[in-house]
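Engineer: This is the structure, below, for whatever I ask next.
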Amino acid sequence: MSLERTLTIIKPDGVEQGNVGDIIQIFEKNQFKIRAAKMLHLTGAAAGGFYAVHRERPFYSDLVRYMSSGPVLVLVLEAENAVSRLRDLMGATDPKKASEGTIRKRFATSIEKNVIHGSDSEENAKTEIGYFFNALELV
Ligand code: ATP
Ligand code: MG
């Protein structure tokens, strides 16, 4: 077991649908501590930079448009094995394939509009936390 930090984003559809409270409750009920939080309306450039790893994928331009279409809530969560535990709580990218009870199964409407982002490795978590937060903004 190791205490880790991970980055999560409640995406524009999650904010617009009013899922913020339910999702934060899921984090807290699962022993995640919130170490930073920030509401942002990402520019296309900021969303594109965040998902730059996907820039060659056919869905990239739609993903950038979606992620910059409205406000998002960006959080840093801390817990034992936070990276993999958050990914388990989120469920599969495609909500049709997500397990019962996962955040995406409950709230997502498509493989694109899937409500939540979570870092997929500890190394990427560090990079992603640094993308949004400086040292003074982390508690
Ligand atoms: P995230 O990185 O947001 O946590 P993920 O790791 O489950 O999601 P990725 O493969 O990293 O999935 O894709 C990033 C995001 O791009 C997805 O969450 C989704 O919003 C969008 N996306 C992924 N695959 C597709 C697809 N085939 N068609 C449309 N959008 C997609
Ligand atoms: Mg991903």
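Read-outs: derived from the displayed coordinates by stated rules, not from any lab. Computed from a predicted structure; not experimentally measured. Reconstructed Cβ throughout: ideal geometry from the backbone, glycine too, with neighbour counts over all protein chains shown.
Engineer: How far, in nm, would the chain grow between residue 123 and residue 87 when pulled straight, counting 0.36 nm per residue and subtracting the alpha carbon separation?
Structural biologist: Answer, rounded to one decimal: 11.5 nm.
Engineer: Simple spin-label model, 7 Å along Cα-to-Cβ: residue 99 to residue 34 in nm?
Structural biologist: Here the modelled spin labels are 2.6 nm apart.
Engineer: Based on Cα coordinates alone, diagonalise the gyration tensor for the chain, multiply each eigenvalue by 5, take square roots, and list the semi-axes in whole Å, largest first.
Structural biologist: Three semi-axes, in Å: 21, 18, 14.
Engineer: Name the residues whose placed amide hydrogens come within less than 5 Å of the amide hydrogen of residue 35, ignoring near sequence neighbours (fewer than 5 apart) on the same chain.
Structural biologist: Here the answer is 76, 77, 78, since their amide H atoms fall under 5 Å of that of residue 35.
Engineer: Quick one: go through segment 57-101 and flag any residue whose amide nitrogen is under 11 Å from the point 7 Å out along the Cα-to-Cβ line of residue 109.
Structural biologist: Those under the cut-off are none; the list is empty.
Engineer: Calculate the length of the line joining the C-alpha centroid of segment 23-66 to that of segment 71-139, in whole Å.
Structural biologist: After rounding, the separation between the Cα centres reads 8 Å.
Engineer: Can you tell me how much longer the chain between residue 131 and residue 45 gets when fully stretched, taken as 0.36 nm per residue apart minus their C-alpha distance, in nm with one decimal?
Structural biologist: My answer for the length gained is 29.7 nm.
Engineer: In whole Hz, what ³J(HN,Hα) sequence does segment 44-50 give by Karplus (6.51, -1.76, 1.60; θ = phi - 60°), x for Gly and Pro?
Structural biologist: x, 5, 5, 5, x, x, 4
Engineer: Using only helices, what value at 222 nm comes out for the chain when you add -39,500 (n - 2.57) per DSSP H run of length 4 or more and divide by the total residues, to the nearest 500 deg cm²/dmol?
Structural biologist: -10500 deg cm²/dmol
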